[in-house]
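Below is one structure, written out as structure tokens; comments come after it.
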Amino acid sequence: MPDSSLLAPESLGATISIGEILVEIMAVTRGAGFLEPQELIGPYPSGAPAIFIDQCARIGGSAGAVGSVGDDDFGRLNVGRLQRDGADVSAIRVDTVYPTGSAFVRYRTDDARDFVYNIAHSAAERIEWTDAVGALIARAGHLHVMGTALSMPSVWALIEVAAPRIRARGGSISLDPNLRKELTVDEQVRARFEHLIEMTDLLLPSGEELERAACVAGKYQALDTLFEHGVREVVLKRGADGAQLFGRDGTCIEAPAFHVCELDPTGAGDCFGGAYVACRRLGIDAAESLTYASAAGARNVTYRGPMEGAGSREELNDFIRQTPRSR
């Protein structure tokens, strides 16, 4: 079985994320893009790091967010949701000049998504070091990083400080590559990614991100490369095909998918990761943690809105009991 001490125990301190906090507004109709007037719904609390932390807190883990929102209703919506669900919001900065970041999303007929983001010209891009940020990092036991952060200079500046400090006090690090088509992966981003891989205990890729993360073709060749670089465990998210856990010690665990009617897949991978990390840090074994993670991702796609389906331990237990699986 995988090393029970793979991730730092909950007693060491909270799981934290550093990154964008957004609102999401969704098109009701399916189609390509936003080139004509159409019906929209929202706003919903969003941002991959925020969704992850919300699910982490909902399942019972100690969790906190480092980010920035505008002094507006969108910002208050996000902070209120995270706080309500049990996350530490003390290190979320309120920017009095720039608005809360936003993402407009529309689903195509083939289930692909088109996004229009406002991150660069919003509060989401203006995350700064504050006493509150320093205090949260000082008491953190685990850092979770989203690949989106690697292209955001203000976020990367904090990660460069936080990662070694958390590791130095016995903490652990997880990384979700989250390599979206809207993001430019240039040489600088690639260098940051490779630097972070060297410190990563747990990698949480989706589909082809595994091979992209390793810069090697072939699943098992990619795994070998990542393990050689220091990664200790890889959990591969495969959507309707379930999930797989691969340990550096040769462990392989499979979790079949739950059968659900998908309404909105945005945020499913973030909920998966939040549940998995929280469960492992709470001392739940790898196989059961993988089941909870799969349930969290599946449950979330049955709700409209990227973190509306984040489930508590009790809700996920009910979901697991009531929902059929692939096998």
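All of the numbers you see were taken from the coordinates with simple rules; none came from a lab. Everything numeric here is computed off the predicted structure, so don't read it as measured data. Every residue, glycine as well, gets a Cβ built from its backbone with ideal geometry; the counts of neighbours run over all protein chains shown.
Side notes on the structure shown:
- Ordering 264-277, 289-302 by mean Cβ neighbour count within 10 Å, with the highest value first, yields 264-277, 289-302.
- Rounded to the nearest 20, the size of the Cβ-charge dipole of the stretch 1-54 about its Cα centre is 60 debye, with Lys and Arg at +1 and Asp and Glu at -1.
- Net +/- balance of residues flanking residue 69 in space, Cβ distance below 13 Å, scoring K and R +1, D and E -1: -3
- Magnitude of the charge dipole for the stretch 173-249, about its Cα centre and with charges confined to Cβ atoms of Lys, Arg (+1) and Asp, Glu (-1), is about 180 debye.
- Three-way shape call for the stretch 73-135 based on the alpha-carbon gyration tensor, with the a/c threshold at 1.5: prolate
- DSSP H segments from the chain that extend 18 Å or more along their own axis, Cα-based, with Kyte-Doolittle mean of 0.0 or above: 153-168, 268-281
- Per-peptide average of other Cβ atoms within 10 Å, ordering 17-23, 62-68 highest first: 17-23, 62-68
- Alpha carbon centroid spacing (whole Å) that separates the stretch 51-102 from the stretch 204-268: 28 Å
- The packing ranking of peptides 186-193, 80-87, 314-321, highest mean first, is 80-87, 314-321, 186-193, where packing means the average number of other beta carbon atoms within 10 angstrom of each residue.
- Helices in the chain, meaning DSSP H runs of at least 4 residues, each add -39500 (n - 2.57). Divided by all residues, the mean residue ellipticity at 222 nm is -10500 deg cm²/dmol.
- Proximal charge balance of residue 197 [Cβ under 15 Å; K/R count +1, D/E count -1]: -4
- Global geometry of the stretch 63-222, whether rounded, prolate or oblate, following the gyration tensor of its Cα atoms and the 1.5 cut on a/c: oblate
- DSSP beta bridge pairing in the stretch 77-185, given as percent antiparallel to the nearest 5: 55 percent
- Antiparallel content of DSSP bridges confined to the chain, in %, to 5: 40 percent
- Student exercise, the stretch 79-179 dipole from Lys, Arg, Asp, Glu Cβ charges, in Debye to nearest 20: 220 debye
- Net charge contributed by nearby residues that have their C-beta within less than 11 Å of residue 295 (K/R +1, D/E -1): +1
- Computed with the Debye formula from one identical point scatterer per Cα of the stretch 261-311, without solvent, the log10 of I(q)/I(0) at q = 0.23, 0.25, 0.29 Å⁻¹ comes to -0.69, -0.78, -0.94.
- When the Cα gyration tensor is reduced to axis lengths a ≥ b ≥ c, the ratio a/c is 1.5 or higher for the stretch 173-327, and with a/b above b/c it is classed as prolate.
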